[in-house]
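**Q** Here it is: the structure, laid out below.
The values are calculated or read from the model by the stated rules, or taken from the named source; none is laboratory data. Everything quoted here is computed from the prediction, not taken from an experiment. Ideal geometry is used to build each Cβ from the backbone, glycine not excepted, and the neighbour counts take in all protein chains shown. Accessible surface areas use protein heavy atoms only, side chains included; no ligands, DNA or RNA. Shrake-Rupley method; radii C 1.70, N 1.55, O 1.52, S 1.80 Å.
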Amino acid sequence: MSLLAALRAGLLAALALGVWAVPSGAHEERLLVGRVEAMEPAQKLLVLVDAKGGQRRRLEVTPETEVIACQSRAGLGVVQPGAMVRVKYLERAGAPSEAKSVLLLGNRR
């Protein structure tokens, strides 16, 4: 095989692998600041109202969701309706958005 043919085959293989790998990792990490409307750990549900646009967002929570209150780690039980929070979550195509961490900012009703 000539050098040019080998380079071309290598480039095609790299392109094929790159295009093939993109759809499997299609998720995006995002931040949202808002007011807690509902927190239901038994249903794995956190409902927020976005502080900027007023849009309602439903996020999945799990026991692995990190909750930070007063610079220490806490459980999902400290997240109460009316609390202002900053949530880091994963938005995934074809799946519910998953809350990775919740930072309590305070109660601002």
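**Q** Please specify each residue of region 56-93 satisfying the condition of being among the charged types (D, E, K, R) and more than 11 Å from the chain's Cα centre (by Cα).
**A** Within region 56-93, the first condition is being among the charged types (D, E, K, R), and the residues that meet it are 56-58, 60, 64, 66, 73, 86, 88, 91-92.
Hits for region 56-93 are Arg56, Arg57, Arg58, Glu64, Glu66, Arg73, Arg86.
**Q** Looking at region 50-69 only, could you name the residues that are open to solvent by 30 Å² or more (accessible area, probe 1.4 Å) and β-branched (Val, Ile, Thr)? Even if it seems obvious, please write down each step before you answer.
**A** Initially, region 50-69 is screened for residues open to solvent by 30 Å² or more (accessible area, probe 1.4 Å), giving 50-58, 60, 63-64, 66, 68.
The one that is open to solvent by 30 Å² or more (accessible area, probe 1.4 Å) and β-branched (Val, Ile, Thr): Ile68.
**Q** Something else about it: Can you tell me which of (1) in contact (Cβ under 8 Å) with a residue 24 or more places away in the chain; (2) exposed (fewer than 11 other Cβ atoms within 10 Å of the Cβ) is the one Gln43 doesn't meet?
**A** Of (1) in contact (Cβ under 8 Å) with a residue 24 or more places away in the chain; (2) exposed (fewer than 11 other Cβ atoms within 10 Å of the Cβ), only one is false for Gln43: (1).
**Q** Scan (1) under 12 Å from Leu104 (Cβ atoms); (2) modelled with pLDDT under 95; (3) not hydrophobic (A, V, I, L, M, F, W, C) for the single condition Gln43 breaks and write down its number.
**A** (1)
**Q** Out of the residues in region 89-109 that are of a type in the set (D, E, K, R) and farther than 17 Å from Glu37 by Cα, which is least open to solvent (accessible area, probe 1.4 Å)?
**A** First pass over region 89-109, keeping only residues of a type in the set (D, E, K, R): 91-92, 98, 100, 108-109.
Now narrow it down to the ones that are farther than 17 Å from Glu37 by Cα: 91-92, 100.
Details: Glu91: 60, Arg92: 76, Lys100: 84 Å².
By that ranking, first place goes to Glu91.
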